[in-house]
Each structure stands twice: as structure tokens, then as C-alpha cells.
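Some notes on the structure that comes next.
The values are calculated or read from the model by the stated rules, or taken from the named source; none is laboratory data. Quantities reported herein were computed from a predicted structural model and do not represent experimental measurements. For neighbour counting, all protein chains shown are included, and Cβ atoms are generated from backbone atoms with ideal geometry for every residue, glycine included. Only protein heavy atoms, including side chains, enter the accessible area calculation; ligands, DNA and RNA are left aside. Shrake-Rupley method; radii C 1.70, N 1.55, O 1.52, S 1.80 Å.
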Amino acid sequence: MRAVDSVSLNISEGSIGQSNPEQRKFIGYSIRSLAEVVTCLFKANRRNYIPEDSFIELYNSAFHLMNKMAAFKRNIN
């Protein structure tokens, strides 16, 4: 799934020699990619591709990661 890769790739791209505004921009891209991942999780769950307990675990992990990324983005000076 490309959205999963985009989360880490955008964080990486934004952290290499970028200004703070550029880093915030790339963290924003990562957050949006993570939102795509969550959408795919819902679709996979609805189509019974993954069991409910796996969906809940993955959704909770994504939710916590998104909150951490948003906090990080707010604190980039």
C-alpha cells in the first residue's frame, strides 16, 4: 500500500536539511497519508479482509500515531 510508505517517506524528506516551514509541510503530508491508511483499514474491515481485532489494533495505533505527529508538527519552531 503506497499510503503506508508515504507516511515515513514524507517524514524523511521533510527532516533532511529542510527549513522548519518545509518540515511542517512534509509532516502535514504524512498526516494526510496516514488518514488514507485509516480509510483503507475501514475498507479492509468492511470487506472482511482483516479480522475485527486486527482492525481495532491497527486503527488505535494509527490514531495514536496521528496525534503524536500532529503534536510534533505544532511544536516545530
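Based solely on its DSSP helices, what 222 nm [θ] is calculated for the chain when runs of n ≥ 4 H residues each add -39,500 (n - 2.57) and the sum is averaged over all residues, nearest 500 deg cm²/dmol? Let's see the in-between values first.
On the way: 3 runs with 64 residues, N = 77.
For the chain, the value works out to -29000 deg cm²/dmol.
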- Item | Set of the stretch 59-76 residues, backbone N closer than 19 Å to the point 7 Å along the Cα-Cβ line of Ser8 | 59-70
- Note on the structure: Long-range alpha-carbon pairs in the stretch 32-77, meaning those over 18 Å apart, account in percent for 35 percent
- Query: Which whole number in µm²/s is D for the chain by Stokes-Einstein, with the Kirkwood Rh taken over Cα pairs at 37 °C and 0.692 mPa s?
  - Reply: 252 µm²/s
- Item | the chain - accessible surface per residue (Å², probe 1.4 Å) | 70 Å²
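If you average the sequence gap of Cα pairs under 8 Å that are 6 or more apart and divide by the length of the chain, what percent do you get for the contact order? Spell out each step's value before the answer.
Details: 56 pairs, mean separation 25.1, N = 77.
Computed over the chain, the figure is 33 percent.
Extension gain His64-Arg32, at 0.36 nm per residue separation less the Cα-Cα distance, in nm? Intermediate results must be reported in sequence, preceding the final value.
Working: separation 32, 0.36 × 32 = 11.52 nm, distance 1.43 nm.
Roughly 10.1 nm would be gained on extension.
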- To the nearest 20 debye, what charge dipole does the chain have about its Cα centre, counting +1 at the Cβ of each Lys and Arg and -1 at the Cβ of each Asp and Glu? 280 debye
- Note on the structure: Of the residues Ile50, Val37, Ile76, the Cα lying farthest along the dipole of the chain towards its positive end, which is defined by charges on the beta carbon of Lys, Arg, Asp and Glu, belongs to Ile76
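At a 1.4 Å probe radius, carbon and sulfur cover how many percent of the accessible area of the chain? Can you show the working numbers first?
Details: 2920 of 5370 Å².
The computed percentage sits at 54.
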- Given the options Ile50, Ile11, Ile31, state which has the largest fluctuation in a GNM of the chain using a 10 Å cut-off (strictly under) for Cα springs. Ile50
